[in-house]
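Student: A single structure is presented below for examination.
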């Protein structure tokens, strides 16, 4: 955010991003590639005039925020469910059943391979497993070797075998 003093009439052609009115004031603010009256650039939460309380402002989710409200709303994502360390709001995370993880910590408990968006994984009693290492995988693979599941030739679709007694498959949304 830049607070500028303008010499006579230089902003006659500028309009305020907040109210849409012409800026004819002695001082104006320039933030987020737009010009603002000093009275119009306000925090969406506390309505503080941002030019009066500091030199920075934050924009997220369509809101313009002062530092205090930005930190209050987005400053701490929580603690990583794997390592227990704090996750800053600016960091991308993975989520599974209400738990949040650093990207590097979202890995299979057995083989330690990091899982990425699009990978299938299984979440069993708070533990993450890749498709290969899921509980019951060897029993399921033995069953599939002796009883292969074939595509339905009539509809040309692949059948996905799921045995809910062995393992419930869970694919969760990944959050960035």
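Student: Between residue 13 and residue 59, what's the calculated FRET efficiency when r is the beta-carbon distance and R0 is 22 Å? Round to 0.05.
Tutor: 0.35
Student: In nm, give the distance between the simple-model label positions of residue 72 and residue 27, each being 7 Å from the Cα along the Cα-to-Cβ direction.
Tutor: 2.4 nm
Student: Run the quick spin-label model on residue 114 and residue 127: label points 7 Å from Cα toward the beta carbon, then report their separation in nm to one decimal.
Tutor: 2.3 nm
Student: Can you compute the modelled spin-label distance between residue 85 and residue 45, with each label point 7 Å from Cα toward Cβ, in nm?
Tutor: Distance between label points: 2.6 nm.
Student: Now, a different point. What does the highest-first list of 53-62, 35-44 look like by mean Cβ count within 10 Å?
Tutor: Order by mean packing, descending: 35-44, 53-62.
Read-outs throughout are calculated quantities, based only on the coordinates presented, and are distinct from any laboratory measurement. Please read all numbers here as calculations on a predicted model, not as lab measurements. Every residue, glycine among them, receives a Cβ derived from its backbone with ideal geometry; neighbour counts consider all protein chains shown.
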